[in-house]
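The values are calculated or read from the model by the stated rules, or taken from the named source; none is laboratory data. Only a predicted model underlies this, so the values are computations on that prediction, with no experimental measurement involved. Note that each Cβ is placed from the backbone with ideal geometry, even for glycine, and that neighbours are counted across all protein chains shown.
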Amino acid sequence: MRRALGLAASVRTRTAPNPWVGCVVVAGGRSFEGATQPPGGSHAEVVALAAAGDQAHGGTLYTTLEPCGHHGLTPPCTGTILASGVSRVVVGLLDPDPRVSGRGVDELRQAGVEVTVGVAAEEGAELLAPYLKHRRTGRPWVVLKLAASLDGRIAAPDGSSKWLTGAEARADAHRLRACSDAVLVGAGTVRSDDPQLTVRLEPGSERQPVRVVLGKAPAGARVLPAMEMNGEPGAVLDELGGQGILQVLVEGGATVAHAFHHHRVVDRYVVYLAPVLFGGNDAVPMFGGAGASSMEGLWRGRLVSVTRLGDDLRVELEAA
């Protein structure tokens, strides 16, 4: 199953809006592998079974997500599994998509296949978090990315912010973009920084995220063409989710960061901390708005990871 998870992670940037799934078929002392292809292509189970051919008969199939049993852009995976003659299927997670949601497992069991569910479920849920949230709520997984000094500032008083962090941190931020279906900033950031919001530093990236601007982008901005949206964060996320966006990367600036944080719609915070100090209170803070008025009102989270990237720190956290 952990090998299947590795296969799923390897196609993380290529399958949306479909889930990134890995599959391993073990039969006759050999293993055969597959991962979800881009939309319109085969699912992981079908790829692995095609590699196994007749040797799959009597074997065990390991898949990170429940096989589908419905017709979409491709035929149902359960039919291919049953035709292969495997005797056992091991599933990491049940699929919350209402078209699947236990039906795939039930179909296999009713046909006499032994099915085990929940192997490496915690690792699978972390890997598939954006997909799982989208299918359960209709909204995308929200990652808020910030690059800041050690005293919590994201730009100088004159508005300049390039570059707080080093090359390694910037490359990692492009990996975040490559994993996201949309990148969102405010119109103020477009006016001050004129960002492209494209994936440029991630080798092998095969797609670019949808670029979203809250407000109106000025004519000639490098972010164009982009979706220009207005409204509260929740309404924006509802609309993006309705368009099949599984993960949105919020890149700021301070006003947009405050809005998404204030409305408690951020699933994961990724903060790149540079070993620099502005040393005063006149530089731009990470959040542009009123914060907690007392200790009781503090947002409290838990650290997911802390990673050193060159001279910078990447701090990942989520709500406690």
(Q) Any residue that is in a helix (DSSP H, G or I), at pLDDT below 95 and among the β-branched types (Val, Ile, Thr) - is there at least one of those in region 240-255? (A) yes
Q.
Exactly one condition in (1) over 29 Å from Glu126 (Cβ atoms); (2) touching a residue at least 12 places away in the same chain (Cβ under 8 Å) is false for Trp299; which is it?
A. (1)
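Can you name every residue in region 155-186 that is surrounded by 14 or more Cβ atoms within 10 Å (Cβ to Cβ) and over 30 Å from Tyr131 (Cβ atoms)?
Ala155, Ala156, Ser161, Leu164, Gly166
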**Q.** Residues of region 288-313 classified as touching a helix residue (DSSP H, G or I) at 6+ places or on another chain (Cβ under 6 Å) and not hydrophobic (A, V, I, L, M, F, W, C), total
**A.** 4
**Q.** Subset of region 153-180 (residues that are outside any loop (DSSP other than H, G, I, E, B) and not aliphatic (A, V, I, L, M))
**A.** Arg153, Glu168, Arg170, Asp172, His174, Arg175, Arg177
Q. Checking Arg109 against (1) free of Cβ contacts under 8 Å to residues at least 24 places away in the same chain; (2) closer than 19 Å to Gly22 by Cα, which single condition isn't satisfied?
A. (2)
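Output the residues belonging to region 181-202 that are in a helix (DSSP H, G or I) and hydrophobic (A, V, I, L, M, F, W, C). Spell out the reasoning first.
From region 181-202, those in a helix (DSSP H, G or I) are 187-193; that's our starting set.
Listed by number, the residues that qualify are Ala187, Val190.
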Q | Criterion: at pLDDT below 95, within 25 Å of the chain's Cα centre (by Cα) and over 28 Å from Ala319 (Cβ atoms) - qualifying residue of Thr78, Thr74 | A | Thr74
Q) Is it the case that region 218-238 has a residue that's closer than 15 Å to Val142 by Cβ, touching a Lys or Arg at 6+ places or on another chain (Cβ under 9 Å) and assigned to a loop (DSSP other than H, G, I, E, B)? A) no
Q: For region 305-318, state whether one or more residues are among the hydrophobic types (A, V, I, L, M, F, W, C), at pLDDT 95 or above and farther than 16 Å from Leu176 by Cα.
A: no
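Every residue, every condition in (1) surrounded by 14 or more Cβ atoms within 10 Å (Cβ to Cβ); (2) under 28 Å from Arg14 (Cα atoms), yes or no:
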{"position": "Val210", "(1), (2)": "yes, yes"}
{"position": "Gly215", "(1), (2)": "yes, no"}
{"position": "Ala219", "(1), (2)": "no, no"}
{"position": "Arg222", "(1), (2)": "yes, yes"}
{"position": "Glu239", "(1), (2)": "yes, yes"}
{"position": "Tyr269", "(1), (2)": "yes, yes"}
Q: Quick one: count up the residues across region 1-11 that are modelled with pLDDT of 95 or more and in a loop (DSSP other than H, G, I, E, B).
A: 1
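Collect the residues in region 261-320 that are of a type in the set (Gly, Ala, Ser), under 23 Å from Ala167 (Cβ atoms) and in contact with a Lys or Arg (Cβ under 6 Å, 6 or more places away or on another chain), keeping them in residue-number order. Spell out how you get there, then give the answer.
Within region 261-320, the subset of a type in the set (Gly, Ala, Ser) is 274, 279-280, 283, 288-294, 297, 301, 305, 310, 319-320.
Now restrict to residues that are under 23 Å from Ala167 (Cβ atoms): 274, 283, 305, 310.
Of everything in region 261-320, just one residue is of a type in the set (Gly, Ala, Ser), under 23 Å from Ala167 (Cβ atoms) and in contact with a Lys or Arg (Cβ under 6 Å, 6 or more places away or on another chain), namely Ala283.
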Q) Considering only region 262-320, how many residues are of a type outside the set (A, V, I, L, M) and in a loop (DSSP other than H, G, I, E, B)? A) 19
